[in-house]
Amino acid sequence: METLVIQTLNGLVFSMLLFVMAAGLSLIFGQMDVINLAHGSFYLLGGYIGFTMIRQYENYWLALIIAPVIVGTIGFIIEYAILRRIYGRHHHLNQVLFTFGLALVAADLIRWNWGSYVITVAAPPQLQGQVPFLGIQFPVYRLAVITFGLTIGAILWIGIERTRIGMILRAGVSDAKLLSGFGVNIQLVFSGVFAMGTALAALAGVIGAPIHSLYPGLDFEILILTLAVVVVGGLGTLKGAFLGSLLIGMADTFGKTFLPEFALFLIFAVMASVLILRPSGLWGLRGQR
Amino acid sequence: MLVVDNIHTYYEESHVLQGISLQVESGETVAILGRNGAGKSTVVKSIIGFQQPRIGRVLFSNVNITHLPSYRIARLGAGLVPQGQSIFPTLTVRENIMLASRGIQKGIWNLDRVLATFPNLGERLTHRGCDLSGGEQKLIAIVRALMTNPRMLMLDEPSEGLAPLIIEEIGLIIRSLRDQGVSVLLVEQNLNFAFEVADRIYVMSKGRIVFHGNPEELRRDETFLQFHLGL
Ligand SMILES: Nc1ncnc2c1ncn2[C@@H]1O[C@H](COP(=O)(O)OP(=O)(O)OP(=O)(O)O)[C@@H](O)[C@H]1O
Ligand SMILES: [Mg+2]
């Protein structure tokens, strides 16, 4: 029983991290039709930059703000300088090659700058220790991550459903080019969306560092699970990202606890079944593109 | 208002517009006719910047817009009602309309005026775009373009697939735009509709202009109509 509660909570924690990742990936895909294979690299880069800031200034909260800003700026520049040249259907292969190449380069740069050993990051002092929760002792930081993920989700939801920018983004999922015919600077929207998506990945990196540590290779581990989330949940909707994250986060956590050898297999089994039953994902934009 | 000067537009290597020149004066309604695949929509896309010409120039209110991004062309006062279903299906009617409003931009069109002019839209404001009939969708696409307060409105086959009553309503809108001094560039295959509303007509065939004149001249030339427009 205790294991069940603990693993459910752990599953929720991991789901929230995946959700912040998947929201960014899905946002980018929804507008520009690009699957960003460097998304896991932005997670790791965010985590490492956060780690450096925490070491320098001993302030987790500063890292939580600055790392996404730095990584988001990098994202903005990448979109502005290169990615926007390869939008469109006949460039899908170029997009895959470019973002995957970016991931390889980022992996090397990270290894070169931060080394290849595992770096553990402490939770901020305010969130250390354990609290009794549903009859067990559970780390405060992990509970905070759940709250944090839900908060980000709520902010994104309000932003998308209730603001003018959100309205433009929802319209852009159907037809981004057409928007420019009504005076919307869609290029700027694209740069902003890519910056926002990468900043979300970096945010997840900073939040995740005290739980999963930082090490080379984590970028691709996270990327694969995030891709699983959007395949299962469906691309282009926040709801899909959220529910997909819960499914994959739980499957991964419980898989690793009860069937350690088959955890990844479990993920792929879930993915494959969804692909067979609902090719556009459980909560994706069915038949709209 | 609009000068299209010998433009050549391509899709990849396919040479679709082969030297199109046309003009629309202020307050004038001009129609482009032509069979399927003649290149009518490509003319519209070349003007709004969705498919930029490789050769030639497009001037709009004396600004060379040939290579401007679409949003700048729209902000200069070019309004667009694209061919087919173009409203955003997941957005509500209100959102579809407000999307094109640039807030403080001067002009006579705003939500209140839209609702006064098209009272039927009032009860539809919270419906999603995809839940509307074809006629309603077309009307909203027109209203959406009007919200940009265009100096020239381009309509790409607005009567396509619609019932006569709705076509009539669209005709009324076009006429009232002319009365307000708004230029209209109308792409059509419905000849009677075009004859009714247009001051001047261009006929396109295979990426070229094959006729230019007023509706009466064109109506008289039956062999020509038969040959280029399949009547
Ligand atoms: N996106 C595209 N890519 C490649 N070729 C295209 C594209 N759009 C149109 N074409 C081709 O360009 C030519 C002109 O097309 P266009 O859509 O301008 O014709 P149209 O006169 O608007 O026809 P319709 O009355 O059917 O709308 C056609 O041969 C068409 O096949
Ligand atoms: Mg057409």
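Can you give the net charge of the other residues whose Cβ lies under 12 Å from the Cβ of residue B:120, counting K and R as +1 and D and E as -1? In short, -2. For the protein assembly as shown, the per residue solvent-accessible surface stands at 45 Å², with DNA, RNA and ligands left out and a 1.4 Å probe.
Over all distinct Cα-Cα pairs of chain A, the Kirkwood formula returns a hydrodynamic radius of 19.3 Å. Across the accessible surface of segment A:2-288, with the other protein chains kept in place and a 1.4 Å probe, carbon and sulfur atoms take up 70 percent. Within straight-line reach of residue B:206, meaning a Cα separation under 23 Å, sit the following lysines at least 8 residues removed in sequence or on another chain: B:40, B:45.
Charged neighbours of residue B:27, selected by a Cβ distance under 13 Å, balance to 0 (K, R count +1; D, E count -1). Partners of residue A:256 within straight-line reach, counting aspartates and glutamates whose Cα lies under 13 Å from its Cα and excluding those fewer than 8 residues away in the same chain: none found. Going by a ≥ b ≥ c, the root eigenvalues of the Cα gyration tensor, does segment B:100-176 fall in the rounded group (a/c under 1.5), the prolate group (a/b larger than b/c) or the oblate group? Verdict is oblate for segment B:100-176. Calculate how steeply helix B:134-146 sits against the longest principal axis of the alpha-carbon atoms of chain B, using the helix alpha-carbon long axis, and give the answer as 0 to 90 degrees to the nearest 10. So the helix axis and the longest Cα principal axis differ by about 90 degrees. Principal-axis analysis of the Cα atoms of chain A puts helix A:218-233 at an angle of about 60° to the longest axis. Using only the Cα atoms of the protein assembly as shown, build the gyration tensor, take square roots of its eigenvalues as a ≥ b ≥ c, and label the shape rounded, prolate or oblate: rounded if a/c is under 1.5, else prolate if a/b is larger than b/c, else oblate. Prolate, because a/c is 1.5 or more and a/b exceeds b/c. Interface residues of segment A:131-176, defined as those with an accessible-area decrease of at least 50 Å² between the chain by itself and the complete set of protein chains (probe 1.4 Å), are A:164, A:167, A:170. Relative to the longest principal axis of the Cα atoms of chain A, helix A:92-114 runs at roughly 40 degrees. With a 1.4 angstrom probe, the accessible area lost at the A-B interface totals about 1800 Å².
Quick check on segment B:42-101: take the gyration tensor over C-alpha atoms, sort the square-rooted eigenvalues as a ≥ b ≥ c, and tell me if it's rounded (a/c under 1.5), prolate or oblate. Judged from the Cα gyration tensor, segment B:42-101 comes out prolate (a/c at least 1.5, a/b above b/c). By the rule of a C-alpha distance below 18 Å, with chain neighbours fewer than 8 residues away ignored, the aspartates and glutamates paired with residue B:138 are A:175, B:95, B:123, B:156, B:157, B:160, B:168, B:169, B:188.
Taken residue by residue and averaged, Cβ atoms of other chains lying within 10 Å of the Cβ of B:42-51 number 1. Dividing the summed helix terms, -39500 (n - 2.57) for each DSSP H run of n ≥ 4, by the number of residues in the protein assembly as shown produces a 222 nm estimate of -18000 deg cm²/dmol to the nearest 500. Using the Cβ-Cβ distance between residue B:18 and residue A:84 with R0 = 22 Å, the FRET efficiency computed as 1/(1 + (r/R0)^6) comes to roughly 0.15.
Its residue count N fixes a reference of 2.2 N^0.38 Å for chain B, and the Cα radius of gyration divided by that reference is 0.99.
The values are calculated or read from the model by the stated rules, or taken from the named source; none is laboratory data. Note that this is a predicted model, so its numbers are computed, not measured. When we count neighbours, we look across all protein chains shown, and the Cβ atoms used for this are built from the backbone with ideal geometry, even at glycine. Side chains included, ligands, DNA and RNA excluded: accessible areas come from the protein's heavy atoms. Shrake-Rupley method; radii C 1.70, N 1.55, O 1.52, S 1.80 Å.
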